[in-house]
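Peer 1: Please see the structure below; I have some questions.
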Amino acid sequence: MNTPLDTLDLEARAHSEHAQELRLWLRLLACSQLIEKRVRTGLREQFDTTLPRFDLMAQLERHPEGLKMKELSQRLMVTGGNVTGITDQLVAEGLVERMGVEGDRRAFLVRLTPDGRSAFERMAVQHEQWIVQAFEGLSPKDLDHLHRLLGKVKQHQLDLE
């Protein structure tokens, strides 16, 4: 399978004399970028949507009662302007709706419409399949081991904070 040059270059930055941890970090980034590229392409080609739109809808799917725009912005780690632009598009397509927040005339609650929920469910099923395919080269034991090891890395980072 051919690998895009930009991803190869990411790993090629490190040489055998560099710390193994640096080489591992670059390998993780390369894997993440390759998987994300495949997901972005699939969302665009199969659903005519983008990863940021999918991510926003995923947050709303987890919160059927809706989320305030500020909450969406925090959860997606993007600016309020980005959330507003994506939300405007999804409202225009009938996939999400905005509602006023009782007691706060400046705030809006955003939630999936029934059409939005249905569209997201179709995308989510395919998204899961793409992720499963990304790891098909690993055995169940390998997957479990990798998951545990990355859990240790994650916990160490949390402990450092």
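Table: residues versus (1) modelled with pLDDT of 95 or more; (2) in contact with a strand residue (DSSP E or B) (Cβ under 8 Å, 6 or more places away or on another chain); (3) of a type in the set (Val, Ile, Thr).
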{"position": "ALA107", "(1), (2), (3)": "no, yes, no"}
{"position": "PRO114", "(1), (2), (3)": "yes, no, no"}
{"position": "ARG117", "(1), (2), (3)": "yes, no, no"}
{"position": "PHE120", "(1), (2), (3)": "yes, yes, no"}
{"position": "HIS127", "(1), (2), (3)": "yes, no, no"}
{"position": "TRP130", "(1), (2), (3)": "yes, no, no"}
{"position": "PHE135", "(1), (2), (3)": "yes, no, no"}
{"position": "LEU138", "(1), (2), (3)": "yes, no, no"}
{"position": "HIS147", "(1), (2), (3)": "yes, no, no"}
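Peer 1: For region 39-96, give me each residue that is open to solvent by 40 Å² or more (accessible area, probe 1.4 Å) and basic (Lys, Arg).
Peer 2: Those that are open to solvent by 40 Å² or more (accessible area, probe 1.4 Å) and basic (Lys, Arg): ARG40, ARG44, ARG62, LYS68, LYS70, ARG75.
Peer 1: A further question follows. Limited to region 97-114, what total is found for residues that are part of a strand (DSSP E or B) and exposed (fewer than 13 other Cβ atoms within 10 Å of the Cβ)?
Peer 2: Step one: filter region 97-114 for residues part of a strand (DSSP E or B), giving 97-101, 104-112.
Checking which are exposed (fewer than 13 other Cβ atoms within 10 Å of the Cβ) leaves us with 99-100, 104-106.
Residues flagged as part of a strand (DSSP E or B) and exposed (fewer than 13 other Cβ atoms within 10 Å of the Cβ) within region 97-114 amount to 5.
Peer 1: A follow-up question, please. Would you mind telling me which numbered condition in (1) farther than 27 Å from LEU43 by Cα; (2) surrounded by 14 or more Cβ atoms within 10 Å (Cβ to Cβ); (3) not basic (Lys, Arg) GLU161 fails?
Peer 2: Looking at each condition in turn, GLU161 falls short on (2).
Peer 1: Further question on the same structure: ARG13 fails exactly one of the following numbered conditions: (1) under 30 Å from LEU149 (Cβ atoms); (2) open to solvent by less than 60 Å² (accessible area, probe 1.4 Å); (3) modelled with pLDDT under 95; (4) in contact with a helix residue (DSSP H, G or I) (Cβ under 8 Å, 6 or more places away or on another chain). What is the number of that condition?
Peer 2: Tallying (1) under 30 Å from LEU149 (Cβ atoms); (2) open to solvent by less than 60 Å² (accessible area, probe 1.4 Å); (3) modelled with pLDDT under 95; (4) in contact with a helix residue (DSSP H, G or I) (Cβ under 8 Å, 6 or more places away or on another chain), ARG13 fails exactly one: (2).
Peer 1: Between a first residue in region 117-144 that is assigned to a helix (DSSP H, G or I) and among the polar types (S, T, N, Q) and a second residue that is modelled with pLDDT of 95 or more and open to solvent by 70 Å² or more (accessible area, probe 1.4 Å), which pairs have beta carbons less than 7 Å apart while being 6 or more apart in sequence or on different chains?
Peer 2: Here the result reads GLN126/GLN46, each pair linking region 117-144 to a residue that is modelled with pLDDT of 95 or more and open to solvent by 70 Å² or more (accessible area, probe 1.4 Å).
Peer 1: Do we find that GLU21 is over 26 Å from LEU146 (Cα atoms) and outside any strand (DSSP E or B) in this structure?
Peer 2: Working: over 26 Å from LEU146 (Cα atoms): no; outside any strand (DSSP E or B): yes.
Criteria not met by GLU21.
The values are calculated or read from the model by the stated rules, or taken from the named source; none is laboratory data. Computed from a prediction, not measured in an experiment: that's the story for all the values here. Note: ideal-geometry Cβ built from the backbone for every residue, glycine included; neighbour counts use all protein chains shown. Remember, those area values only see protein heavy atoms, side chains included, never the ligands or the DNA or RNA. Shrake-Rupley method; radii C 1.70, N 1.55, O 1.52, S 1.80 Å.
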